[in-house]
1. Criterion first (closer than 29 Å to residue 78 by Cβ, of a type in the set (S, T, N, Q) and out of contact with any Pro (no Cβ under 8 Å at 6 or more places or on another chain)) does residue 259 satisfy it?
2. Determine whether residue 248 is of a type in the set (Ser, Thr, Tyr), out of contact with any strand residue (DSSP E or B) (no Cβ under 7 Å at 6 or more places or on another chain) and crowded, with 17+ Cβ neighbours inside 10 Å.
3. Considering only the range 276-324, how many residues are under 24 Å from the mean Cα position of the chain (by Cα) and part of a loop (DSSP other than H, G, I, E, B)?
4. Can you work out which of the residues in the range 220-245 that are in contact with a helix residue (DSSP H, G or I) (Cβ under 7 Å, 6 or more places away or on another chain) and within 26 Å of residue 136 (Cβ to Cβ) is surrounded by the fewest Cβ atoms within 10 Å (Cβ to Cβ)?
5. Tally the residues that are over 11 Å from residue 271 (Cβ atoms) and of a type outside the set (Asp, Glu), restricting the search to the range 313-329.
6. Which residues, counting only those in the range 66-110, are of a type in the set (Lys, Arg) and either assigned to a strand (DSSP E or B) or in contact with a helix residue (DSSP H, G or I) (Cβ under 9 Å, 6 or more places away or on another chain) (or both)?
7. For the range 44-66, name all the residues that are surrounded by 14 or more Cβ atoms within 10 Å (Cβ to Cβ) and either touching a Cys at 6+ places or on another chain (Cβ under 6 Å) or at pLDDT below 70 (or both).
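The values are calculated or read from the model by the stated rules, or taken from the named source; none is laboratory data. Nothing here was measured: the structure is a model prediction, and the numbers come from that model. Note: ideal-geometry Cβ built from the backbone for every residue, glycine included; neighbour counts use all protein chains shown.
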Amino acid sequence: MIFIDGVPFSSASSSSQGNEILATLLEHPLIVSAANIFKTIPERKFSVPKEFGLENSPQAKHVYVFQREYATVDPSLVELVGTDEATTCIGLVIRNQKSGMTSVAHMDSQKTVDLGLIQMLTSVIDHEMDDELDVHLIGGFDDTPDEDVIATTGAGSDEEQSGHSLPLCSKIIEALQSRREKFQIQTLFVLGHNTKRDSDGNACPLVNGFLVETSTGSLRPASFDKSSRCPDEIVRRLRVTVSSLDPTWNGRLLETYDTHHDRFHIAPCSWSPNWKYIASWLQQCSDSEILLECSTSPSAEGPDFVDNEKRVFEYLIKHPNWRETFPPGRNRIFQRITDGQWIRCE
């Protein structure tokens, strides 16, 4: 159940749907105030310097979460956890107030919400305690098509007319409200709260990433570079691309991180050899065509989106057999070493 400032949240009707509950929450004075404060916090540009690990360049231990992944971290082992590259996706944070255990998911589909919540809560909740859970939702700008776009594209269904962010955010809120756990909503920086216009008048997110300080639970906007989106960046991006066709991951978030040992256990994902031909075709497309084919928000993606997609295409072309990447269906395991880098463990 959802709580605001320790008080159970109740909508106008006990049978209210997710979009109705969400609309009421977005207008709550405490939610509005928290959103206004969050957008004034300067963005942290997170990078792992080349001199990482030297005495004069201390670096906090962090865990990075890609799209469709989740990770639950122990504050005694990890200081920061975060994600970015979210446009129509939602970054969901669930933190146990007593233990500090913090789970972060980068949700991109309504289909993963119900099972995804179960995955996150399994390692956050101590069933011997009456847990209270702080919750933050960040991302998902207002991508609802305007009337001219609807008229041009012929969009007719409610789903087509509501964009991608609103249905996903509504589904998450509905799922939280329907569960028995106590979810204290601290931040709801989504939709209208997280929308601006670019120089061409296109809607885009104010914030597309964040970091959580695990010891305190505090959040701030953040962006990451390649050095900090580790380990195994390309394979993890690849799983996002192909997992929708792997029945192993139906309705589930991608498993990535070993909470108790501070190691990455990147679970297998299979793909058909046909992906080689799909990747070859996409590789021949123009940048604008790749945006249209691969993004739910082509006008709102970051400058490195197309380059990242092309690197995934190259990997699929070189490795059409998924067993080369996950032989024979084993996790790819990475251990954090003393200088903070990651090494592959067989």
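1. It is true that residue 259 is closer than 29 Å to residue 78 by Cβ, of a type in the set (S, T, N, Q) and out of contact with any Pro (no Cβ under 8 Å at 6 or more places or on another chain).
2. Criteria not met by residue 248.
3. 7
4. So the first thing to find is which residues in the range 220-245 are in contact with a helix residue (DSSP H, G or I) (Cβ under 7 Å, 6 or more places away or on another chain), and the list is 226, 233-234, 237-238, 241-243.
Retained after the next criterion (residues that are within 26 Å of residue 136 (Cβ to Cβ)): 226, 233, 237, 243.
Values: 226: 11, 233: 17, 237: 18, 243: 22.
Ranking the candidates gives 226 first.
5. Count: 6.
6. Across the range 66-110, the qualifying residues are 68, 95.
7. Once the filter is applied, which keeps residues that are surrounded by 14 or more Cβ atoms within 10 Å (Cβ to Cβ) and either touching a Cys at 6+ places or on another chain (Cβ under 6 Å) or at pLDDT below 70 (or both), the range 44-66 yields 52, 53.
Conditions tested, residue by residue: (1) in contact with a Phe, Trp or Tyr (Cβ under 7 Å, 6 or more places away or on another chain); (2) at positive phi.
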{"residue": "175", "(1), (2)": "no, no"}
{"residue": "180", "(1), (2)": "no, no"}
{"residue": "186", "(1), (2)": "no, no"}
{"residue": "197", "(1), (2)": "no, no"}
{"residue": "200", "(1), (2)": "no, no"}
{"residue": "206", "(1), (2)": "no, no"}
{"residue": "217", "(1), (2)": "no, yes"}
{"residue": "221", "(1), (2)": "yes, no"}
{"residue": "227", "(1), (2)": "no, no"}
